[in-house]
Each structure stands twice: as structure tokens, then as C-alpha cells.
Amino acid sequence: MSGGFGGASAMGRRRFLVVSTTAVGLTLPVPRSASAASPGTAPASGATTSTVGLTVNGERRSAVVDNRTSLLDLLREHLGLPGTKKGCDQGACGACTVLVDDRRVNSCLTLAVMHDGARVTTIEGLSRGDRLHPLQQAFIDHDGLQCGYCTPGQIVSGVACIAEGHTRSREEIREWMSGNLCRCGAYTNIVTAIEQTAKDV
Ligand code: FES
Ligand code: FES
């Protein structure tokens, strides 16, 4: 696999993972168990499924899932949103990046039941009808992709990178995008797309 956006990538990935994991909190909200008798009642002992309700791309969605289901699988397999990609499925590549309450999260690395009530944005939620998000357009304009597999995660992460203000230099963009790997090595053009979009917005 490619070495990433730059020399600081290893530290950057670690920082990204810390942000990703702390973003979901250290305490587990009690999931609404499918077998719970009433709201506020703890899940019955041995319950293996829960109802998870989320606002995804502005739309209220819910599904009954196995408690072990990742947020990524909830999105892809239960809610019909395959734009978010599964790469390593272990928190190392960033292909599965989504925004949870506006913060970047590796959706393969977190359980769906931990996000009951959250607001999730996926790649499908960035465009407005036929009008692409400016960063989506910039990826096209600056050839920020080759095979395209990492691209949804790169773009979602790039949107957050811009919103966070981590775009004061190409080096800073590399650092804060280092949690997203690209096997095709399109890093230079990805940075250009983010840099240009940050200047335009
Ligand atoms: Fe989630 Fe690779 S698929 S980090
Ligand atoms: Fe192919 Fe990034 S992995 S464009």
C-alpha cells in the first residue's frame, strides 16, 4: 500500500484514528433494544438486535440491526447507501469515512448502535441534485482520482478538512488528510483539489 500523503502520515493517521474514536465518545449509549418493553428500559439480557435511528443526509432513517453491526454495514447493507466504501475494514485506510455530527469517523470501526440519534453525512449527501459539491467538482477538474475506490472517503474527509480550517498550506492538508490512503497514489492532485476548493469557498 502507498505510504500516504507525506512524511508525517503515520502520526497523522494515529491522530485521525484518535479523533475518529473519541468522536463517538467513551461511553456507550444504551441502544434501544428490539426486545425492550418500554423506552428507558435496559435491553433485555441476551438481546442481540437493536433499533437504530439516524438522520442520514437529512433524512430520518432507522433499521433493526445485530448489535455487532458496524456503522459502515448499516449504511451499505441496511440503508442502501453503497457510496461509502469498505477497504481494510479495520480502521487503516479511510475509505469508509463519513461525517457523524460533522466530525470524521471511520465507519468500519464503530458500531451502529453507538450512533442512535446521530446526524450522518455520506458521499451521497454532498451533492444537491445534479449539482456536485465544489470539492467533488474539484476532484474531477484536478484529476484527484484514478480507480476511484478511495475517492468517496477522500472527498468526505476533504470536506471536513476544509471546514476544520486545516488548509493553510499543502503540508497541513497532507497532515490532516493522512488518514485517507490512496493505492493509486493520487495524493498530489487530491491536495490540489482540496487547496483550490478551500480558496474558493
Ligand atoms: Fe474503514 Fe479502511 S474500511 S478504515
Ligand atoms: Fe485508486 Fe485512490 S485508490 S484513486
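The values are calculated or read from the model by the stated rules, or taken from the named source; none is laboratory data. Because the structure is predicted, anything quoted here is derived from the model rather than measured. Here the Cβ is made from the backbone with ideal geometry for all residues, glycine too, and neighbour counts use every protein chain on show. Just the protein is used for accessible areas: all its heavy atoms, side chains included, with ligands, DNA and RNA removed. Shrake-Rupley method; radii C 1.70, N 1.55, O 1.52, S 1.80 Å.
Simple spin-label estimate for Q90 and I140 gives 3.7 nm between the two label positions (7 Å along the Cα-to-Cβ direction from each Cα). A 1.4 Å probe run over the stretch 60-201, with the rest of the protein chains in place, finds 44 Å² accessible per residue. Near K199: Cβ cut-off under 14 Å, other residues only, Lys/Arg at +1 and Asp/Glu at -1. The net charge is -2.
For the stretch 55-163, give the percent of accessible area contributed by carbon and sulfur heavy atoms, probe 1.4 Å, rounded to a whole number. Can you show the working numbers first?
Details: 2220 of 4790 Å².
C and S atoms contribute 46 percent here.
Using a simple spin-label model with pseudo-atoms 7 Å out from Cα toward Cβ, T51 and D116 lie 1.0 nm apart. The residues neighbouring G58, those whose beta-carbon lies less than 14 Å from its own, together hold a net charge of 0 under the Lys/Arg +1, Asp/Glu -1 convention. Taking all protein chains together, T84, T49 sort by accessible area into T49, T84, largest first [probe 1.4 Å].
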